[in-house]
Each structure stands twice: as structure tokens, then as C-alpha cells.
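*Asks:* Got a structure for you, written out below as C-alpha cells; questions coming shortly.
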Amino acid sequence: MEVMKLKVRLRQRHFRCIPFLLLLLTHTWPIEAAEEQPDGHHNDTDKWMKIRCNDTTPVQMVKVKFSSQVVRNEYIVAFNDYYKTNTREKFITAALNGSGVENWKILTRNNPASDYPSDFDVVLLEETEKLSGLAALNRHPSVRRVTPQRVVHRTLKYVNLTESKTDCLGAGCLYHTWQSSRPLRRSSLAINNQFWQSTGRHTSRRLLRAIPRQITTILQADALWSMGITGTGVKVAVFDTGLAKTHPHFKKIKERTNWTTEKTLDDGLGHGTFVAGVIASSQECLGFAPDAELHVFRVFTNNQVSYTSWFLDAFNYAILKKIGVLNLSIGGPDFMDHPFVDKVWELTANKVIMVSAIGNDGPLYGTLNNPADQMDVIGVGGINFEDQIAKFSSRGMTTWELPQGYGRVKPDIVTYGSAVRGSSIKGSCRTLSGTSVASPVVAGAVTLLASGVLHRGNAINPASMKQALMASARRLPGVNMFEQGHGKLDLLKAYQILNSYKPQASLSPSYVDLTECQYMWPYCTQSLYYGAMPTIVNVTILNGLGVSGRVVGKPQWHPYTPQFGQYLDIAITFSELLWPWSGWMAVSIAAARTAANWEGIAQGHIALTIESPPEDGETEPRRSSVKLAIKAKIIPTPPRHKRILWDQYHNLRYPPGYFPRDNLRMKNDPLDWNGDHIHTNFKDMYQHLRNSGYYLEVLGSPFTCFDASQYGTVLLVDAEEEYFPEEVAKLKRDVDNGLSLIVFADWYNVTVMKKVKFYDENTRQWWMPDTGGANVPALNDLLSSWGIALGDRVFEGDFTLGDHDMYFGSGTTIARFPENGIVISQKLKDQGQEVLGQETEATENVPILGLLQSKAGEKSGRVVVYGDSNCLDNSHLQKDCFWMLDALLEYTSTGHLPSIFKDHQSQFTNKINELPQRMEGNHLYRYSKVLENHMGTLQTRALPPCPHLVWAQPIPLNKSAPTY
């Protein structure tokens, strides 16, 4: 039981309203082509990867994509505490024996943690008895949660950065694709070939130039070395692919452990070696902390497979070994792996400083990876040696609070992750790029910093280290906070801050200035005005006082009267309990009624006090007071026709379910996971509309919750959610009274949806889409009030509309439209038939765009439907249609029909009687805010109440705002 004293007990998760994370990898390394057989598959008996290690190797990047699936019939049973093996077995036996379940067993885990108490087991339940077994386990008082076991598989995309095309984007930019000798587990098939295949995203031509040989010299680690600070006394863990015991670059490999099913501790791939070298190499390509105690955790096989349970055991062992710093060059878009998330929180609660890569899915927004986007983890983005954000580096905002909230600032900091030299598997050096390179740069720096302030004792923890890194970071000019976080790593300044650090709370961002461009993009791009949806800023509270804490009382809003702070309305919600090391504060900012016709800058600040329990030897609780300065520009309320309402409420995203890509040509990543927000994958569209003089507001609640008289147009793009009957009726009334509606839909075809399902050969699991690119049956319910309906055929192709070249990417068609409307048709290819393996020819007169003036009254609004959203979406963009959106908004806002639509209207007859139906057996209800499954029957939930903000009581201050 001595082990139990080392554990910080898991508390109820109050830190966020939703859990997040499925383990995926984002790291990078160079490979040569494996020998391919004529059918395109790699020879399993051949060595499939060769590592290039000499110094003349071109700069290379391997973009890593991971698939993760539930393992059939295997479940992780998490307990409320740590118990020995026989005690855990008794709990499970008692639960299952009482339920009548017979076919079950506890799977044996043979690893270094097996001899210690654990807080979980992996149980195999037969399919026929699974449901009753799961229910019985969940009822046991010692069981905290039962969740599926998950398996992770990796595929690699090899890119030679020095030979790539300049700014190549889209379907024509194909990287060489390599898979491990083990077949890809999740594969959707089209005839004899995989339908989803890995392709590349972004490359750029790079100037061949000399770069400093040592990353440690660039970041001035030498200055700390000269002071005798070299990593001594700090235990640093590398969770990766292993490391050879005799590698010549390392002098303090304290322990190597294997958590996989392979009988080796060595690195068969080279990635773990590189990461460890950046942290602790002592020769040739130097690491930051050569005298640190290196603990190597091999958690991935040579076939690039890992399981959640492997990580859980390894994490438990890291806690037992009192690891100080832990590098995770891993990440992914899925936030549903509950046991993994719980364990990450427990690690940081035990003062393990976790550093993780933010992801290699840039330059797209909304692509931040877990676990780096967790608040208690140091999330690291990448820059090049010109101090520019690396194109591959993922960027904000976080999206796990969507669709009803707003994202947070991540990454935390950025550092060099492009063309960095590190240790190779053969004992020499190599040059790599990726955020998994930037992550060990920061992990090595953190290890070095920790060794330099060991005398500070308990003052150093995950929060204080993160505070020091963010406070010392150098801001990059012209780069917004969702790309660089708090800025570029400054090792020496961070050391100065840590050396004099006093426990305190801090905020991220540390202030909110809605007038500061470019750093505060997108907040700075649109002024406040009365009647608008509140601007939401999600602030992270970092608590350096202790692992747990609370907000004392309520945060107070103090407007500065000389700076017109009284014209701001502020609403504040926050996590009353902070754990581990952090919490959140959501600030809603709006223009007050008294500012309806006022223009100017308003300022004030929010004050809050954080309290944590006393540490050893202390008698009084620890307290820290912090302020969040707020500055915003207010303008008179714009005219109705210039105001656009973006529907965020009906957009869903992976990872809750399998929502497939909107463009079936983009086979590199079949999952639609970027958040579908005007500040993520629709950011270019947003900026275009702002430049055109429109004001965009985001609706995070049902249609029944907005005042339609305030807006000219509702913009509904790529919606996957269902609609409440009350929403359908309300929107009809709104359009009758002058509101207009523009719908950008996407493909929906049940046969195609079944074709693009995933099959995992290892786990024998099928992943079936829960909807198509958009939920067309639900859209048809919404549009039925006007006699409009969309079909289920999938079309694709280039066409010209006036002088504009257009691309229709996997879109749907118009099946029904009123005779008094305008329909535009084009010649396109039936992509659905192609996906199904059938021959297809171009089809004439495919109706894709419809414009309708509602005839409910003289002041009624207009309805526009277009079958594809890809021309607005940065994730799929090949040819934008912003010009068309402008023209459509001219029509919906003013009633003026641009001539391009008059000149190209087509003859259209309503020939289609049968409309697309919802796919039987889909699980959309599991993730829907509208549907629920009641006794096996789908039904609509009760309409939720509309959110009502409670504005903070202002406490005015008759003083001038301080300078930042």
C-alpha cells in the first residue's frame, strides 16, 4: 500500500463539460519506399522501411495519419481506486457472476506495471452477453466507468520538402503513400481498391540554405550549461517507439520498458530515437538535457500499433517512478477516449509536466490535436528558422466546445520544428520536420529548466512551468494567437522567471483586446454593436498555487468610466473548482442598449481571486488575484440587410460519430473533423464577407432562440443535425416576415454511405457513416415549407457560370422546386455511380442552384439552395465561389436578382417523386441534440430552453485604463 501514497486520487471531472481524446499520432520521420508488389501492396516479408541517416539527406517530413477503432468485445473497466490483481478480479467476478453472464475473462497484461496495484482491467465479454455484462459492471460500487478498448494504427506519407511544389494545394498534390506491412485496418473499399486512400495536403518549395547545426545553440542552452545546468536530477520520459541500449548519443538511459506485445526494447522505426536525442543526446547532434535521467517507454510496435490499455499501464508506471517531464509526440482529433483523458489528468495531478505536439494538419484551422489541446498539457506548435509558423503546424481554435461554445487559445507556445537535427537509429544524425520535432525541443528545454530550479522545490509544477514558458515567450509579429499561442520559446527568459517564481494564478489569454490585429484575430475583425450575439472569449485559468483550487466568490466586472466601460455588458461563467492545475472562464461581451447609436472604444477589467489549500508547513490557504483587461470597439448597429446569422447549432463533427468528408475525392482523411465554424475551416469565407461589408454572428442555439427581425440572411452550410418541428415552423414564419435563407448542402446517398464504410480487419468492426456529407433528409424537412427538396444523386465536375470557373465537389441536386423559382443546371458527372464502380458519363442539365422569392407577402424573404459547400470550405477548397455567395447575398438582402442568374436559368420540371430517406440503423441519435432513442424508437427530444445570459453587475472605476 506504500504505492498508494504516491497517487493523487482522481476527482470527479468538473474541469470541462465534455471529455475528450482518442489517441492518435502526429509525428514525422524520413523513409524510403518499400518494395512494392505489382498489386500495389507491400511485401510483408521484406523490410518495408529504410532510414536515411547521413547528414546529406534532404529535409524530409512524413505526415502521419492514424486511425483508431474500438476493439470488438474488449472493455476497459476503470475502478475508483488502485487495487491489487486479486482484489480487482474479485470485484469483476462479483459483478458478473450476479448477472448471469458466463462467457467472460480478464485479459492478462504482462508488463512492468503488472506487479503493482492498478485502477483498471481489460475484460473480454462475448457479444451475446455484452449488454447485460456491461450493465452489471457499471452497477458495481467500485467501478468508475466501463469503456471500449481502442487500437491505434498508423499510416505514413513521405514528403521530400526540398523538392515539393510551391504552395501546392488540392487534389493534384499527391504525396507518396506508405503503409506499414500490416494492412490498414480501417478501409472502405471500391471494387478491388481501397476507396479512401492517403494523399498529401500541403507542400512548399524551400530555399536550400545553411542552418545552425545545433538546435541547442539556437535556443541558447549553452548559457545554462555554462552555469552547470545540464538536466541533472530530472527524470524525463519518452513515450514512443523505443531506444537501443547501446546508442552512443546517450549517457543516462536509466530504464527502458516495453508495453507492447513485441519482445524487444529497441527502436525499429527511428522516431523514438530522434525524439530522445532532441531531449537528451550528449554527442554530435546535441540534446538540451544530456545529464537528465532518461526513461524510455516503448508503446508502439514496429507495425505501428498501440492500444489504450498499453498507455494506461505505462502512465501508471510513470507515476510510480515519479517522472518529472513526459514527452508525447502524439495527437489526434478524437476526444472520446475517456480512460486516456482521465489518466492524462492524473499524471499532471501528480506533477508530471506533459509536453505534446499540436499536430501536423496545418495550415487548416480547427485542426489542433489531443492531448496537446488540453489545458494542463503544454501544447507545442512548429516554426521554421525564419521565425515563421511552419505550414504543417496545426492551428486553432480548439473545437471540443462547439457547436454551442467557442474555442480556446492553443497551441501554448511555438518553437523550431522544421529542419531540426537529431539522433538517428544508426548512431549518427538526421534532419526532420514536424510538430513532433517541436514537442521534444520544448520537452528538452523544460527538463533543462527544471534541473536549474530544483532548489525551488514545490514551486515547480505543470502550471508554473507552463506559466513561465508563456510569460517569457516572444510574440511573433503579424501572427494571430490561434497560430502561435503566446509566442516563441525563450529559454533564458523562462529560466529567469522560474528562478524567481512565486506561486500565483494567471490567465490565457492574459488580456482581451478586440481592437488588436493581427494577434487577436478573429476578434479584432468585427466591432461590437447593440443587438448582436455576444462575442465569447474562453479564457483558461492556470493555477500555480496547487493542483486543486477554486474561484473565491464571483469574478467582478469593473468598467472604467473615463474609457466608456459602461457601454459594455459582460456575462461570466466559470469552473468553480479548478483541477488539475487549471480551469476555465467564459466571458461573453456585448454592447449595452445605451450604446445602440454610439461609436468608440470601451474598456474595463474582470477581477477574480483563486484559492488553493495550504501546502505542507502552511496554515493559511494560498490566494492569488488576477485581472483580465477588456477593450472593445463599439459601433452603431448595422442595417439589417448587412447582418448574417451563421447557423452553428446544426453542425456536427467527428469524433462523436463517423461523419464523412464533403468531397469524396479527398481520400486522405475520410473524417469531417475541423469544426465547421466561420473561424476554422470557413475562415477565408468569413474574411471575404467581412471585407465585403457584411457582419457575421454565430448562432449556438435552436432557430427558436433568435430575433429574425435583426438579420437579413441566415446562412446554413453543411448541416448534419436534425431539426425540431418548432424550428421548421419558426423559420417558415421568419421568411414570411422578411428573413432570407441560404442553404449550402452536400451529398447524401445511402448506397454510397454504405460503400464508404470502414472495416477493421484486426478488430472485425465496421464503421458506418451516420449521415452523408450533409443531412439531406433533415434539410428536406426544413425546406418542405417552400416546396423545395434535394435529391440523393452525387455529382461532381468543373463548369463555368458566366466568366467564373467553378468546381462542384460531391454535391447533391435539386429534386423539387417551385415553378416560380429560378433553377440553374450544369453538365456534371455522376460521382455516386463512379464510387459504386459503375461506368459513368457526364449528365446534362443537372439542377444544382435554386433561387426563390417567397410569395407569402410583399415583405417576405427569399430562399436559395446550392447543392455543394466545398467551394466555401478551406478543408476541401479547390475553386472558391465567394463571388457567387456575394451575388446570392445581394439577392437575399436586397431582392435584386443579379443578371448572371437570370441569364443562366434552366428549364426545370419536378420529375423526382421519391426523396432520399434516412439510412436504417444509423446512430445519429447518439450524438444529436434533437433525436433520442426511446425503447428502440427514434423520437424528437423536447425543445431546449433558450440560453439567457446573466449580465454581471458592474462595479465602475473612475480611473483610466492601465497600459498593457
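*Asks:* Sequence gap at least 6, Cα distance under 8 Å: using those rules, report the relative contact order of region 836-891 to the nearest whole percent.
*Replies:* Relative contact order here is 21 percent.
*Asks:* Next question, about the same structure. What is the calculated FRET efficiency for Phe385 to Phe799, with r their C-beta to C-beta distance and R₀ = 35 Å, to the nearest 0.05?
*Replies:* Values: r = 44 Å, r/R0 = 1.25.
Efficiency, rounded to the nearest 0.05: 0.20.
*Asks:* Next up: Along the Cα-to-Cβ line of Thr525, 7 Å from the Cα, sits a label point; which residues in region 379-414 have backbone N less than 14 Å from it?
*Replies:* 396-397
*Asks:* Considering only Cα-Cα distances, which of the following residue pairs are longer than 26 Å: Lys554/Lys929; Lys757/Lys829; Lys391/Lys755; Lys554/Lys730?
*Replies:* Among Lys554/Lys929; Lys757/Lys829; Lys391/Lys755; Lys554/Lys730, the Cα-Cα distance tops 26 Å for Lys554/Lys929; Lys391/Lys755; Lys554/Lys730.
*Asks:* Expressed in nm to one decimal, what extension gain is obtained for the pair Ala942 and Glu839 from 0.36 nm per residue of sequence separation less their Cα-Cα distance? Could the numbers behind the result be given before it?
*Replies:* Working: separation 103, 0.36 × 103 = 37.08 nm, distance 4.64 nm.
Residue separation times 0.36 nm, minus the Cα-Cα distance, leaves 32.4 nm.
*Asks:* Here is a further query. How long is the gain from Thr93 to Thr232 if the chain were fully straight, where each residue apart is worth 0.36 nm and the alpha carbon distance is subtracted? Walk me through the intermediate numbers first.
*Replies:* Working: separation 139, 0.36 × 139 = 50.04 nm, distance 4.67 nm.
Extra length from Thr93 to Thr232 when fully extended: 45.4 nm.
*Asks:* So, counting K/R as plus one and D/E as minus one, what does the shell of residues with Cβ under 12 Å around Phe908 add up to? Could you put the intermediate results ahead of the total?
*Replies:* Working: positive: Arg816, Lys911; negative: Glu819.
With Lys, Arg at +1 and Asp, Glu at -1, the neighbours total +1.
*Asks:* Here's something else I'd like to know. Spin-label point model (7 Å from Cα, Cβ direction): what's the Arg665 to Gln220 distance in nm?
*Replies:* About 5.0 nm, to one decimal.
*Asks:* For Gln710 and Gln566, what does the FRET efficiency come to when R0 = 30 Å and r is the distance between their Cβ atoms, rounded to the nearest 0.05?
*Replies:* Values: r = 23 Å, r/R0 = 0.77.
For Gln710 and Gln566, the calculated efficiency is 0.85.
*Asks:* Estimate the FRET efficiency between Leu492 and Asn958 by the formula 1/(1 + (r/R0)^6), using the beta-carbon distance for r and 45 Å for R0, to the nearest 0.05. Walk me through the numbers on the way to the answer.
*Replies:* On the way: r = 41 Å, r/R0 = 0.92.
With a Förster radius of 45 Å, E is 0.60.
*Asks:* Quote the relative contact order of region 246-307 in percent (integer), defining contacts as alpha-carbon pairs under 8 Å separated by 6+ residues. It would help to have the intermediate numbers written out before the result.
*Replies:* On the way: 89 pairs, mean separation 27.2, N = 62.
About 44 percent, as a whole number.
*Asks:* Right, something else. With a point put 7 Å past each Cα toward its Cβ, work out how far Glu620 is from Thr264 in nm, to one decimal.
*Replies:* About 6.0 nm, to one decimal.
*Asks:* Run the Debye formula on the Cα coordinates of region 594-719, all scatterers equal and no solvent, and tell me log10 I(q)/I(0) at q = 0.21 1/Å.
*Replies:* Here log10 of I(q) over I(0) equals -1.23.
*Asks:* Of all beta bridges DSSP finds with both residues in region 410-569, what is the antiparallel percent, to the nearest 5? Walk me through the numbers before you get to the answer.
*Replies:* Numbers: 9 of 10 bridges.
Looking only at bridges with both residues in region 410-569, the antiparallel portion is about 90 percent.
*Asks:* Using only the alpha carbons of region 366-433, determine the length spanned along each of the three principal axes and report them from longest to shortest in whole angstroms.
*Replies:* Projected onto its principal axes, the Cα set of region 366-433 covers 50, 25, 16 Å.
*Asks:* Hey, another quick one. Which percent of Cα-Cα pairs in region 474-546 sits in each 5 Å bin, short to long?
*Replies:* 3, 13, 17, 21, 18, 13, 8, 4, 2, 1
*Asks:* For Lys631, go through the aspartates and glutamates and keep the ones whose alpha-carbon is under 14 Å away, minus same-chain ones fewer than eight residues off.
*Replies:* Asp513, Glu516, Asp569, Glu599
*Asks:* Moving on. Ranked by accessible surface with a 1.4 Å probe, highest first, in what order do Ile912, Ile330 come?
*Replies:* On the way: Ile912 70, Ile330 0 Å².
So, going from the largest accessible area down, we get Ile912, Ile330.
*Asks:* Translational diffusion coefficient of region 834-964 at 37 °C, 0.692 mPa s, Stokes-Einstein with Kirkwood Rh over Cα pairs, in µm²/s as a whole number. Don't jump to the answer; show the numbers that get you there.
*Replies:* Working: Rh = 21.3 Å.
For the chosen part, D equals 154 µm²/s.
*Asks:* How many percent of the alpha carbon pairs in region 210-353 exceed a separation of 28 Å? Walk me through the numbers on the way to the answer.
*Replies:* Values: 2092 of 10296 pairs.
Here the tail beyond 28 Å accounts for 20 percent of pairs.
*Asks:* Give me the net charge for the shell around Ile92: Cβ to Cβ below 11 angstrom, other residues only, Lys and Arg +1, Asp and Glu -1. Can you show the working numbers first?
*Replies:* Working: positive: Arg88, Lys90, Lys105; negative: Glu89, Asp121.
Taking every Cβ under 11 Å from that of Ile92, the sum is +1.
*Asks:* Which distance in nm do the two modelled labels at Asp903 and Ser132 give, with both placed 7 Å along the Cα-to-Cβ direction?
*Replies:* Modelled inter-label distance: 7.3 nm.
The values are calculated or read from the model by the stated rules, or taken from the named source; none is laboratory data. Since the model is a prediction, treat every value here as computed from it, not as a measurement. As a convention, Cβ positions derive from the backbone with ideal geometry for all residues, glycine included, and neighbour counts pool all protein chains shown. Accessible surface is based on the protein model in full, side chains and every heavy atom, while ligands, DNA and RNA are left aside. Shrake-Rupley method; radii C 1.70, N 1.55, O 1.52, S 1.80 Å.
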